[in-house]
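Written out below as structure tokens is the structure these notes cover.
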Amino acid sequence: MTTNNITPLTQILPATEKSFASLLSASGITSPTDLAKNQPEKLLRWMEEVNSEQRLVRKLPTLDTVREWIRQAQSWDTAA
């Protein structure tokens, strides 16, 4: 197991976006490695569905934000 698999998502999310960690987790994203494997559009649609059922956040992230998270996760993944 690499360190990526045990690194909390909150370490790659900017401080202003840490509230989205619970939404990502509820959407099945539990590590930066999981996040790095996703397509932004599909992940955002899935988060919208999960949030409509569970009401975890008031405002969803933008597509650009999700793209940046995935880019960061991919950078994190390759740095290990």
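The values are calculated or read from the model by the stated rules, or taken from the named source; none is laboratory data. This one's a predicted model, so the numbers in the text were calculated from it and none came from an experiment. Cβ sites come from the backbone with ideal geometry, for glycine too, and all protein chains shown count toward neighbours. The protein model used for the area step is the full one, side chains on, heavy atoms only, and it has no ligands, DNA or RNA in it. Shrake-Rupley method; radii C 1.70, N 1.55, O 1.52, S 1.80 Å.
Would you work out which of Pro14, Trp46, Trp69 lies farthest towards the positive end of the dipole of the chain, given +1 charges on the beta-carbon of Lys and Arg and -1 on that of Asp and Glu, about the Cα centre?
Pro14
Pairing the Cα long axis of helix 63-79 with the longest principal axis of the chain, what angle in degrees results, from 0 to 90 and rounded to the nearest 10?
20 degrees
Express the relative contact order of the chain as a whole percentage, based on alpha carbon pairs under 8 Å and six or more residues apart in sequence.
41 percent
Hey, can you find the accessible area per residue of the chain for me, probe 1.4 Å, expressed in square angstrom?
Per-residue value: 62 Å².
Taking only Cα atoms, what is the 0 to 90° angle, nearest 10, from helix 40-54's long axis to the longest principal axis of the chain?
So the helix axis and the longest Cα principal axis differ by about 50 degrees.
Cα-based Rg of the chain per 2.2 N^0.38 Å, rounded to two decimals?
1.01
For the chain, with all protein chains present and a 1.4 Å probe, just round the carbon and sulfur fraction of the accessible area to a whole percent.
That fraction is 50 percent.
In straight Cα distance, which aspartates and glutamates are under 15 Å from Lys42, not counting same-chain residues fewer than 8 positions off?
Counting by Cα, and skipping residues close in sequence, Lys42 has these aspartates and glutamates nearby: Asp34, Asp64, Glu68.
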